[in-house]
Each structure stands twice: as C-alpha cells, then as structure tokens.
Amino acid sequence: MGSVILALPKIEDSRRISGYLQRYGIEPFAICRAGAGALSKAYQLESGVIICSHRLADMSAEDLAGRLPENFEILLLTAREMQDDCPSGAVPLLFPCKVSELVRAVRTILERRDRRIREERAANRKRRYTETEQNYINNAKAMLMQKRDMTEPEAFRYIQKTSMDTGRSMVETAQMILRLGMQF
C-alpha cells in the first residue's frame, strides 16, 4: 500500500491526525511543516498521499500539487468557503471532519493508487506480438484444434506449456508446431 505524508503548517495538527490514522492501522511515513520537505519524502517513495492544507510554511497546496511525483495525490483539508480553491487533481475533504471520514478518504486514495500501479505493471508484463507473430500462434492453435480436437483455450495452454517446458518463446513453439504439422 502507498505511503502517507502529513504536511500541515502546525506540527500539533499533524501529530493529532497521525495519532488518528495510527489507531486505524495507517502509519504515516513522515510529518512535515513545509512543502519542500513533503516533496523530498514523496520522491523517496513509490506512491501515496500527502495530507495538507491550502497553505504550508513555504508554498501553497497548488504549488505542491504541481511538483508532486506521478503516483502521489493530495488530500486537501479545506474549509467549506475555500473548497472551490482546490488545486486540480487534489481530493478535498471538509475540515474539521470525523476521523472515520478522514480514514476512509485516505484508504480510498491509497487503494486507487495501488490498483492503478498494479494495472500498469500487468500491462507492462503482458507480451505484445507483431501481427506476423500472432498469426503463427493463431495458426498453430487452429492446427491443434483441428488435429487434436482441442478447444481454443486448451490449444493456447498447450502452446504456452510447451513453450515453458522447452525454454522457447511462444512464437518459436508455434512455428515448431506448424513445421512438424501432422506429427502433432
């Protein structure tokens, strides 16, 4: 799960919110008074949320939002009259609020960030084939389906398993199946 950084101008407020979060199993990574400190901590981490107010010791929440790493989001503790001044991309939370609302907002942001990171990693892991390579695989599947009376998923799994067993790529395995033809 991502990390939580508290960046509020009054350190007492940060400590109080940190205590609330800890009671609900969320351990803040850092407490900062200034935006520069929050940014420094954020760049050490993979993802997370910075809980802040509109104004920090050295910059505004809008300045902070513009400098954040890609996988970080801002949870902006805001008064009702300042809600419209929320920076783009920040999640506003009317403050004061119930502890349960704060915890729910933090968990929602962290879960959404984690899901996005998992999806990006899965997409990067997924092998993309050229049209020619995909044709080899499709033709080998069709041959297996016809000659071995397999379903398409069974034929794909056969190519995949043979590929792993022989240490060859799926394309090389499909080409081998097509070359050997009737023996399969």
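Determine if the range 53-68 includes at least one residue that is touching a helix residue (DSSP H, G or I) at 6+ places or on another chain (Cβ under 9 Å), among the hydroxyl-bearing types (Ser, Thr, Tyr) and in contact (Cβ under 8 Å) with a residue 40 or more places away in the chain.
There is at least one residue in the range 53-68 that is touching a helix residue (DSSP H, G or I) at 6+ places or on another chain (Cβ under 9 Å), among the hydroxyl-bearing types (Ser, Thr, Tyr) and in contact (Cβ under 8 Å) with a residue 40 or more places away in the chain.
Which residue, of Gly25, Gly35, Gly48, is at pLDDT 90 or above, surrounded by 19 or more Cβ atoms within 10 Å (Cβ to Cβ), at positive phi and in the same structural domain as Arg121 (by TED's automatic domain parsing)? Can you show your working first?
On the way: Gly25 fails: surrounded by 19 or more Cβ atoms within 10 Å (Cβ to Cβ); Gly35 fails: at positive phi.
It is Gly48.
Show the residue pairs that are 6+ apart or on different chains and have beta-carbon atoms under 9 Å apart, the first residue being within the range 146-158 and outside the structural domain of Arg168 (by TED's automatic domain parsing), the second being loosely packed, with under 12 Cβ neighbours inside 10 Å and at pLDDT 95 or above.
Filtered contacts from the range 146-158: no entries.
Residue under question is Lys141, and the condition is that it be free of Cβ contacts under 8 Å to residues at least 60 places away in the same chain, assigned to a helix (DSSP H, G or I) and surrounded by fewer than 14 Cβ atoms within 10 Å (Cβ to Cβ); does it hold? Spell out how you get there, then give the answer.
Numbers: free of Cβ contacts under 8 Å to residues at least 60 places away in the same chain: yes; assigned to a helix (DSSP H, G or I): yes; surrounded by fewer than 14 Cβ atoms within 10 Å (Cβ to Cβ): no.
No.
Taking the stated definitions as given, is Ser47 under 20 Å from Arg116 (Cβ atoms) and touching a residue at least 12 places away in the same chain (Cβ under 8 Å)?
Numbers: under 20 Å from Arg116 (Cβ atoms): yes; touching a residue at least 12 places away in the same chain (Cβ under 8 Å): yes.
Here the answer is yes, as Ser47 does meet what is asked.
Going by the conditions given, is Glu81 of a type outside the set (A, V, I, L, M, F, W, C), crowded, with 16+ Cβ neighbours inside 10 Å and more than 18 Å from Lys10 (Cα to Cα)?
no
Based on this model, can you work out whether Cys86 counts as surrounded by fewer than 20 Cβ atoms within 10 Å (Cβ to Cβ) and of a type in the set (A, V, I, L, M, F, W, C)? It would help to see each step written out before you state the result.
Working: surrounded by fewer than 20 Cβ atoms within 10 Å (Cβ to Cβ): yes; of a type in the set (A, V, I, L, M, F, W, C): yes.
The answer is yes for Cys86.
Please work out which one of (1) over 31 Å from the mean Cα position of the chain (by Cα); (2) at pLDDT 90 or above is the condition Leu93 fails and give its number.
(1)
Restricting to the range 98-115, and then to whatever is closer than 24 Å to Asp63 by Cβ and of a type outside the set (Val, Ile, Thr), can you tell me which residue is surrounded by the fewest Cβ atoms within 10 Å (Cβ to Cβ)?
First, pick out the residues of the range 98-115 that are closer than 24 Å to Asp63 by Cβ: 102, 105-106, 109-110, 112-113.
From what is left, the residues that are of a type outside the set (Val, Ile, Thr) are 102, 105, 110, 112-113.
Working: Leu102: 21, Ala105: 18, Leu110: 20, Arg112: 14, Arg113: 20.
Going through the qualifying residues, I end up with Arg112.
For the range 144-178, give me each residue that is in a loop (DSSP other than H, G, I, E, B) and among the acidic types (Asp, Glu). Steps first, please.
If we filter the range 144-178 for residues that are in a loop (DSSP other than H, G, I, E, B), which is where we start, we get 148-151, 167-169.
Answer for the range 144-178, where residues must be in a loop (DSSP other than H, G, I, E, B) and among the acidic types (Asp, Glu): just Asp149.
The values are calculated or read from the model by the stated rules, or taken from the named source; none is laboratory data. Because the structure is a prediction, the values reported are computed rather than measured. Note: ideal-geometry Cβ built from the backbone for every residue, glycine included; neighbour counts use all protein chains shown.
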